[in-house]
1. Picking from 57, 42, which residue would you name as being at pLDDT 95 or above and either out of contact with any strand residue (DSSP E or B) (no Cβ under 9 Å at 6 or more places or on another chain) or under 18 Å from residue 121 (Cα atoms) (or both)?
2. Condition first: of a type in the set (S, T, N, Q) and free of Cβ contacts under 8 Å to residues at least 12 places away in the same chain. Can you find one or more residues in segment 29-39 that meet it?
3. Which of (1) in a loop (DSSP other than H, G, I, E, B); (2) of a type outside the set (Gly, Ala, Ser); (3) modelled with pLDDT of 95 or more is the odd one out, the single condition residue 97 does not satisfy?
4. Consider only pairs whose beta carbons are under 6 Å apart and that are at least six residues apart or on different chains; among these, list those whose first residue lies in segment 95-106 and is without any contact (Cβ under 8 Å) to a residue 24 or more places away in the chain and whose second residue is of a type in the set (Val, Ile, Thr) and assigned to a loop (DSSP other than H, G, I, E, B).
5. Is it the case, given these coordinates, that residue 149 is closer than 22 Å to residue 69 by Cβ and of a type in the set (Lys, Arg)?
6. Can we say residue 95 is among the aliphatic types (A, V, I, L, M), farther than 22 Å from residue 19 by Cα and crowded, with 24+ Cβ neighbours inside 10 Å?
7. I'd like to verify a number: residues in segment 1-39 that are in a loop (DSSP other than H, G, I, E, B) and either among the β-branched types (Val, Ile, Thr) or at pLDDT 90 or above (or both), how many?
Amino acid sequence: MQKILFSSLICVTLLLAFDADDLKQLKEEGDCPMCDLSYADLRGIDLSMSDLNDANLSHANLTGVHAHKANFTKADLSDARFVKSNLKGATFVGATLKNVNFYEAKIWKGDFTNAKIDHCNFDESALGSAIFDKNNVTNSTFKGAILYKTIFNKSVVGAPVSDSIVQ
């Protein structure tokens, strides 16, 4: 019985794993649009200027990445971790951001236009001059976040109240 359970666990793990060729492409070329990098451990990697448009980065560990001006347009980042990452100028337009942890991330001038944001943790992050438009951030947290000159357009539901904005 234990052998069957162990074999089943290995099969499920392999089904949930990223595509090794896609990871190789990302590391060699820096770009990987439409790649499957789900569950990949990308801690500390330099993704500056990387094109990850339409990529599957769900459950990826991106803790401590440097992704200056990276393109995450329409990417699936569900359950991803960007803890203490540098995402200055990153684009998340139309991305799926469900349960994403941005704790202490630097996301100055990040663009979240039309991103599907649900239960994200922006606590202690630096979001100065970021753009939020056509989002629902009701279930997300911004405790202690720097929101200096951050734009929450009128179309944003649940935008942080002004007393939580650090200026």
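1. 57
2. No - not one qualifying residue is present in segment 29-39.
3. Failing condition for residue 97: (1).
4. Between residues of segment 95-106 that are without any contact (Cβ under 8 Å) to a residue 24 or more places away in the chain and residues that are of a type in the set (Val, Ile, Thr) and assigned to a loop (DSSP other than H, G, I, E, B), the close pairs are 101/83; 103/83.
5. yes
6. No: the conditions fail for residue 95.
7. 9
The values are calculated or read from the model by the stated rules, or taken from the named source; none is laboratory data. Bear in mind the structure is a predicted one, so any value in this text is a computation, not a measurement. FYI the Cβ positions are ideal-geometry reconstructions off the backbone, even for glycines, and counts take in every protein chain you see.
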